[in-house]
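First the structure, in the form of structure tokens, and then the observations on it.
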Amino acid sequence: MEAKPLIQIETLSKQYKMGGEIVHALDDISLRINYGDFVAIIGPSGSGKSTLMNVIGCLDAPTAGKYWLDGEEVSRLRESKLAEIRNRKIGFIFQGFNLLNKLSALENVELPLIYRGVPAKQRKEQAIEALTKVGLGERVKHKPSELSGGQQQRVAIARALAGNPPILLADEPTGALDTRTGAEVMELMKELNRQGHTIVLITHDTAISKQAKRVVRIQDGQISEEGGERREPQSSLQNGG
């Protein structure tokens, strides 16, 4: 019996009204991502990749179609329930780090655990564990202004890791970094994937996307999976449109 995927999207569409016209941001797409996958979703500006990220991240609901996350159908849930799922099941990594400057690295990493209701002692332990995992065990008391750009992104990754959510969703995680620091962050992402973390990375950079196990290209709201050096050919994606 085939294992259930972490993410299963079936014939999903997302439409917006803009200036009296209907924009088909996502057009009848299907996508399957298994536990332990490392998938890069690549596309130019306006391709629909940000919309797809928002749907995968439970930040936006589809107009039509279905989406299962970790075995739960989430495409028709209310915002309050989606917020709960986001907090428990998705670790977000943003291009701009989104750290609070007045808080230490440890306090920044603890934030999602506070929202999750994790007790203080356990919260601190999990935050230190996450910071140690990204190589910042000695910097837990430093504030963002005392850290380099690469270190700030590592704090952001630790925050995403805290509480061990099933999926890490990274939006242009190297976009604000220089080439060398970006390469270091990508090595960290690959190491986290080797440790079993499922990663979905959104990018417009081909060099970044090639470092993932799978590459999904999005164009005009439709997706296709690139062939070639796929290390896990059993991972399947069906293009519904």
At a threshold of 8 angstrom on Cα-Cα distance, excluding pairs fewer than six apart, so keeping six or more, what relative contact order does the chain reach in percent? 30
Computed magnitude of the charge dipole of the chain (debye, nearest 20; Cβ of K, R +1, Cβ of D, E -1): 700
Run the helix sum for the chain: -39,500 (n - 2.57) per DSSP H stretch of 4+ residues, divided by residue count, reported at 222 nm to the nearest 500 deg cm²/dmol. -9500 deg cm²/dmol
Which value, in Å² and to the nearest 10, is the accessible area of Arg154 when all protein chains are kept and the probe is 1.4 Å? 60
How much of the accessible area of the stretch 1-136, probe 1.4 Å, is carbon plus sulfur, in whole percent? 52
The stretch 143-203-the stretch 12-29 distance, computed between alpha-carbon centres (Å): 31
Please turn the phi angles of the stretch 200-215 into ³J(HN,Hα) values with the Karplus equation 6.51 cos²θ - 1.76 cosθ + 1.60 (θ = phi - 60°), one per residue in order, whole Hz, x for glycine and proline. 10, 10, 9, 7, 10, 9, 4, 4, 6, 4, 5, 7, 7, 6, 10, 10
With every protein chain kept in place and ligands, DNA and RNA left out, what is the accessible area per residue of the stretch 1-134? Probe 1.4 Å, answer in Å². 50
Antiparallel %, DSSP beta bridges [both residues in the chain], to 5: 55
Taking every alpha carbon pair in the stretch 23-159, what does the distance histogram look like in 5 angstrom bins from 0, in percent? 2, 9, 17, 18, 16, 16, 12, 7, 3, 0
Quick one: check the C-alpha center-to-center distance for the stretch 96-111 versus the stretch 72-95, whole angstrom. 21
Ignoring the sites themselves, what is the longest stretch of the chain with no GluC sites (Glu not before Pro) in a DSSP loop and at most 16 other beta-carbon atoms within 10 Å? 3-137
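The values are calculated or read from the model by the stated rules, or taken from the named source; none is laboratory data. Source: prediction; values computed, not measured. Positions of Cβ are backbone-derived with ideal geometry, glycine not excepted, and every protein chain shown enters the neighbour counts. Remember, those area values only see protein heavy atoms, side chains included, never the ligands or the DNA or RNA. Shrake-Rupley method; radii C 1.70, N 1.55, O 1.52, S 1.80 Å.
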